[in-house]
Every structure is written in C-alpha cells, then in structure tokens.
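Visitor: Have a look at this one before I ask anything.
The values are calculated or read from the model by the stated rules, or taken from the named source; none is laboratory data. Predicted model only: the values in this text are computed from it and were never measured. Glycine also receives a Cβ, built like all others from the backbone with ideal geometry; neighbour counts cover every protein chain displayed. Areas reflect the complete protein model, heavy atoms only, side chains present, ligands, DNA and RNA absent. Shrake-Rupley method; radii C 1.70, N 1.55, O 1.52, S 1.80 Å.
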Amino acid sequence: MNEPCHKTCNFGRLQKLKFYKYPAILLNNHIGRRESGNQRVFRKAKVLLVNPWIHDFTAFDLWSKPVGLLSIGRLLSGAGIEVSMLDLTNSVPKRKSDGTGQYSHEIIPTPPVLDGILRHRRYKRYGIPYTEAAHRANSHRRPDLILLTSAMTYWYRGVAETVDFLKRAYGNVEIWAGGTYVELMPEHARENLDVSRIINNMSPSQVANEVFDFLMIKPGARWSDPDSIDIYHPYSSDHCFVTRTSFGCPMNCSYCGSHTIHGQYRQRNPESVALDILKATRRGVRNITFYDDALLAGNSCHLKNVLDCLETLLPPSLRPESASSKPLAFHVPNGLHGRLMDSECAAMLARWNFGTINIGYEFDDASHQDDTGGKIFRDELETAVANLRNAGFGPERIRAYLLCGYPGTKLADLTDAIKATVGAGARPAMALFSPVPGSRDFQRLFSDMKVAGEPLLANKNIYPIHSGFCTEDEYAALRIAIQILEKELISRGSVPDAPVMDILLRELEGVKKRWNPYPEAQNSNPVSGMD
Ligand code: SF4
C-alpha cells in the first residue's frame, strides 16, 4: 500500500497554511506572501529571539547572555532561517574592562505585593529604555515567530511586559516562551504570559525541530554539536563570550534548582567548546565566561581537557605565558566546588588568567552543610583558599559565597560564616537566598506558602527581609561590615578572629541614624536572629 500522501508531500499542509493560517507558501525555506495585489514575494522565514526586560530592585550585568536562546539561534540560522535578536537587557552605558557593568534602568511602580517591604530601594525596569526599545523593534521586519526566553522566576513581570510590548510592536504575532522561569514554573507561566506556546522540557535541538515543523522548513545537514553557539553572534559589540562546558551538576544540594533545569549532569565535547572559544577570539573577544553550574566537576579533568584543546588551537600570541597586551581573561560567576580546588587545579586557573574565583561555601555550620548536601566543610574551604593563594591568587581575587537568609539559619550563623571566611583568607560575598521552585527545599518548605504562588516574594532582595532573617538596616550594615573586613583582608592577607558581630552592631547604629534620623519617632528595630 502506498504511503498516505500527507506523509510524503507537504501540499495539504501548505494549502492549509495558505488559506487558513497565513497567506503563505514555501519555496526552498522561503515563505511566500501575497504582499499587495497579486504580487507574491518570496522571502526567508524570520524568527526573532527576544531576551526580556528585568523587573527588580537591583540588577547587574555579570556577563549575562541568553545562552540557550543563542544555541537555538545558531541552529535556526544554520538551517537558512533569518534570525534576529532583540536583547532588551543589552544596555550597559559604562562597561568595565572585564565586560561587566550596570544596566540602564527606568523606575517603575512597585508591585502591590512588595509594597512596604523595602523602604530604601526603588523597583526598576532594567535594560533598554522603553521608547528606544520600540525604535529597535520597529527596525526589525515582522517575524513569523518570536522565541522569548526568561530567567529568574521573580522577574516574570518583566517577561509579561515584554510580551505586551511585542504584541504592540508586531500585532498578533506567534510567541513561544521558554527559559528558566518557564522551566521551573510552567503552570504559572501559562497563566501569566499571553503567549501562543510554553516551551519546557526541551533541549535547544528539540526547540529548533519544533520551529522547523511550525515553519514547515526542512533543515539541511544535521548539526554536530547542538549546544554550540559558534555561528550565531548577534551582538554588535562583543564584550564577552559566554559558554558552557557542561550542563547541570552531579551534586544535589537541597536549595539548588540545577537538577530541575538541566536534568542529568552532562559534559560537552571539549574540542567543540575550545573551537567555540577560538572563533570568539577571532572576532576580537578577550573575555571568556563559563556559565557552568559545576565547572570543576570530574576533578577538573573536563576543564583541563577544554583548556588543553584550546592551547593547541590558539595562535601563540593568545596562549598562556605569551606577552600579549590584550591577553585572554576567563571568568566564572557561579560558585566553584572548593573541595575540588587542589593545587593542580588552582595552578591551571592561575595560568589561564581566571579572574576572581568564587567558591560556593554557603554555611560555616557543619550541620547545615550536612543537611543540605555536604558540599564543602570549613577545612576544605581553608585548603582550597591555601591552594589558590599558593598558585598566585591574592585575597582580593578569592571570594566565598555565603547564603544570607536560608530558612532555619540566623544572622549569627551568617556572621560566623563571614568570620570563618576572612579567617581562611577569602572575601565573603553574600548570596541572598531565594527559594527555587523544583529544589528539594522548595517542596519541603515552601509548597504550601504564599511564595509558591507568587514568585515576586521569592525575590532575593525581598525574601531574607520578608522572612524575618534580618531587617533592611541590618542588611545594609552587613554590607558595610563586609567592605571593612575586605579592606583589612587585602592589606593583611587574612583576618583571624575578626570581631564581625561587633563591627556589625557598630555599623548598624550608623545606618539607623542615617536612615531614621528621628529614632524616637520610629518603632524599635531589634537585631533579629541574634541571641
Ligand atoms: S549548589 Fe552548586 S554544588 Fe550544589 S547542586 Fe547546585 S550547582 Fe551543584
């Protein structure tokens, strides 16, 4: 028996598309439209990739790039589709030499649910100012499909505003939304985003295949590495190249969403990663950022393999130990596994000009470490810092992330962790806790709380204060205390037995006077969590 004709030819679907969906037919991956009169114009199918605005109290561009969206863009452009990018966060007036910087922002009304929690911070839209964004949107011809990404769950209102903006710019256009927020809270996204489709549980190549089906396009050759982003680079100024050597993490800390977002830990082909970096350097990029969750997993062998491959590919002027005036610089914003920072690994990072090394320490209390996954203990932090220091990293280039506001911990636990960190010779960096849907903690602690239905309450600037971990004054005093300790650490090399609590209490008085100049008119503001 013959195959049914709809399996072997597209005619039926084309007719449907022509009469019921779009006035369009397809020719060699071009969509034909009856633009005016009887004139039929053939043009490439067009997909617009959109990185939405951020709505928050604070935001900073720490080499942020929509890596997943760029991977999809590479697959689509490789198949002959016209792909454009509208990155609404791509507005950093003054970048530092390492490629980071403050986003432009406009003040917007604070959502009612957050009203009154922070007295000294304004809610903002971070990224390209609205009117300029409208100009940029108008400079793109109307796309056949928009792929919209998302990041933090508590930035969802920025995604919703972006959908509204795109509909104003392009009319009733097909929009598919994906990204981290959608992955972690698909039902919430379905209810709150006015889009045609929610994309979750799909790899970049699966999304690309869905796009080909939707546009009825037959892609050419199969791609060798669907995670690569080497072909597609839509940014006019390449201040940094962002890539990953792996996805996910072999550990499973109770507060982390890595497993929900990436599933099983997997590594990319080292040669493919090295080739992507090489191509970026040929465009003049010198800042390379790894966005891995677990860059050192596999005893740092994987990273070593990537860097070994890269060394064979790079021209001599860009290899380590060359006397280039613009050497390559590597950055890792996510925390590294301190337990895996042996002397060989530390020497490798120093040789390849890695900038500040961030170690995920989170708690000093061993029972908190045990309860959450046992990622690292104090002696391992001390060994990691010693190895980095021996490899040539000064204290200004070694930081330890400490969780601020984790449920069940007190402010005194955090000051103990700060003390242990500066005692070990590393700078303390507060990582404000935010409940991550899909993490083990979220299911255990938050599933029946208000925060589960309203991601805005999981905002890292809000949660530690809203949950009663500390007051806004205490948080401000903590930041000042850390700056004081950092200065001392950098001048002395380490600060054993730092009187963190004394410094905090002293600075708290100053903050209160500055923010509440008439204390008799204010309610008393006790230091919470300290007993
Ligand atoms: S917190 Fe770090 S070590 Fe723990 S699961 Fe997440 S990525 Fe892995």
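Visitor: Within region 344-375, track down each residue that is under 18 Å from Asp441 (Cβ atoms) and within 16 Å of the ligand (Cβ to nearest atom).
Guide: Let us first name the residues in region 344-375 that are under 18 Å from Asp441 (Cβ atoms), namely 360-363, 365, 367-375.
Listed by number, the residues that qualify are Gly360, Tyr361, Glu362, Phe363, His368, Gln369, Asp370, Asp371, Thr372, Gly373, Gly374, Lys375.
Visitor: Okay, next question. Give me a count of the residues in region 164-213 that are open to solvent by 40 Å² or more (accessible area, probe 1.4 Å) and part of a helix (DSSP H, G or I).
Guide: The total comes to 12.
Visitor: Looking for whichever is open to solvent by less than 30 Å² (accessible area, probe 1.4 Å) and either out of contact with any Pro (no Cβ under 8 Å at 6 or more places or on another chain) or more than 16 Å from the ligand (Cβ to nearest atom) (or both) here; the options are Pro437, Pro428. Which one fits? Spell out how you get there, then give the answer.
Guide: Numbers: Pro437 fails: either out of contact with any Pro (no Cβ under 8 Å at 6 or more places or on another chain) or more than 16 Å from the ligand (Cβ to nearest atom) (or both).
Answer to the check: Pro428.
Visitor: OK, next. Could you go through region 471-480 and let me know if any residue there is closer than 30 Å to Pro395 by Cα and surrounded by fewer than 16 Cβ atoms within 10 Å (Cβ to Cβ). Walk me through it before giving the result.
Guide: Going through region 471-480, the residues closer than 30 Å to Pro395 by Cα turn out to be 471-480.
Add one more test, that the residue is surrounded by fewer than 16 Cβ atoms within 10 Å (Cβ to Cβ), and what stays is 479.
For region 471-480, residues closer than 30 Å to Pro395 by Cα and surrounded by fewer than 16 Cβ atoms within 10 Å (Cβ to Cβ): present.
Visitor: What do you reckon, is Ala391 open to solvent by 10 Å² or more (accessible area, probe 1.4 Å) and more than 16 Å from the ligand (Cβ to nearest atom)?
Guide: Details: open to solvent by 10 Å² or more (accessible area, probe 1.4 Å): yes; more than 16 Å from the ligand (Cβ to nearest atom): yes.
It is true that Ala391 is open to solvent by 10 Å² or more (accessible area, probe 1.4 Å) and more than 16 Å from the ligand (Cβ to nearest atom).
Visitor: Residues that are in contact with a strand residue (DSSP E or B) (Cβ under 6 Å, 6 or more places away or on another chain), at least 1 per element: which helices (runs of 4 or more DSSP H) completely within region 319-396 meet that? Explain how you work it out, then say what you get.
Guide: Working: elements: 343-351, 366-372, 378-391.
Passing ranges, in order: 378-391.
Visitor: Checking the condition hydroxyl-bearing (Ser, Thr, Tyr) and more than 16 Å from Glu161 (Cβ to Cβ), which residue from Ser139, Ser104 passes? Don't jump to the end; show me each part of the working.
Guide: Working: Ser104 fails: more than 16 Å from Glu161 (Cβ to Cβ).
None of the other options fit; the residue is Ser139.
Visitor: If we scan region 255-269, do we find a residue that is at pLDDT 90 or above, over 20 Å from Gly99 (Cα atoms), part of a strand (DSSP E or B) and within 16 Å of the ligand (Cβ to nearest atom)?
Guide: Within region 255-269 (the criterion being at pLDDT 90 or above, over 20 Å from Gly99 (Cα atoms), part of a strand (DSSP E or B) and within 16 Å of the ligand (Cβ to nearest atom)), the answer is yes, since at least one residue qualifies.
Visitor: Quick check on my filter: what residues within region 456-475 are over 17 Å from Asp413 (Cα atoms) and touching a Lys or Arg at 6+ places or on another chain (Cβ under 9 Å)?
Guide: Leu456, Leu457, Asn461, Glu472, Asp473
Visitor: Next question, about the same structure. Determine whether region 498-507 contains at least one residue that is of a type in the set (Gly, Ala, Ser), at negative phi and open to solvent by 10 Å² or more (accessible area, probe 1.4 Å).
Guide: Initially, region 498-507 is screened for residues of a type in the set (Gly, Ala, Ser), giving 498.
Narrowing further to those that are at negative phi: 498.
Those still in the list that are open to solvent by 10 Å² or more (accessible area, probe 1.4 Å) too: none.
Within region 498-507, not a single residue is of a type in the set (Gly, Ala, Ser), at negative phi and open to solvent by 10 Å² or more (accessible area, probe 1.4 Å).
Visitor: Residue by residue through region 288-303, note down the ones that are part of a helix (DSSP H, G or I) and at pLDDT below 95. Talk me through it step by step, then tell me what you get.
Guide: As a first pass, look at region 288-303 and keep what is part of a helix (DSSP H, G or I): 301-303.
Cys301, His302 - these are the residues of region 288-303 that are part of a helix (DSSP H, G or I) and at pLDDT below 95.
Visitor: Say whether the condition of being in contact with a helix residue (DSSP H, G or I) (Cβ under 8 Å, 6 or more places away or on another chain), of a type in the set (A, V, I, L, M), without any contact (Cβ under 8 Å) to a residue 40 or more places away in the chain and more than 13 Å from the ligand (Cβ to nearest atom) is met by at least one residue in region 287-297.
Guide: No.
Visitor: Here's something else I'd like to know. Take Lys279 and decide whether it is open to solvent by 50 Å² or more (accessible area, probe 1.4 Å), away from the ligand (no atom under 16 Å from the Cβ) and touching a His at 6+ places or on another chain (Cβ under 9 Å).
Guide: Details: open to solvent by 50 Å² or more (accessible area, probe 1.4 Å): yes; away from the ligand (no atom under 16 Å from the Cβ): yes; touching a His at 6+ places or on another chain (Cβ under 9 Å): yes.
For Lys279, the condition - open to solvent by 50 Å² or more (accessible area, probe 1.4 Å), away from the ligand (no atom under 16 Å from the Cβ) and touching a His at 6+ places or on another chain (Cβ under 9 Å) - is met.
Visitor: Restricted to region 329-343, and to residues that are away from the ligand (no atom under 13 Å from the Cβ) and open to solvent by 10 Å² or more (accessible area, probe 1.4 Å), which residue is nearest to Ala384 (Cα to Cα)?
Guide: The extreme case among them is Asp342.
Visitor: Moving to a separate point now. Consider Asp87 carefully, then state whether it is more than 16 Å from Phe241 (Cα to Cα), of a type in the set (Asp, Glu) and open to solvent by less than 40 Å² (accessible area, probe 1.4 Å).
Guide: Numbers: more than 16 Å from Phe241 (Cα to Cα): no; of a type in the set (Asp, Glu): yes; open to solvent by less than 40 Å² (accessible area, probe 1.4 Å): yes.
So Asp87 does not fit the description; no.
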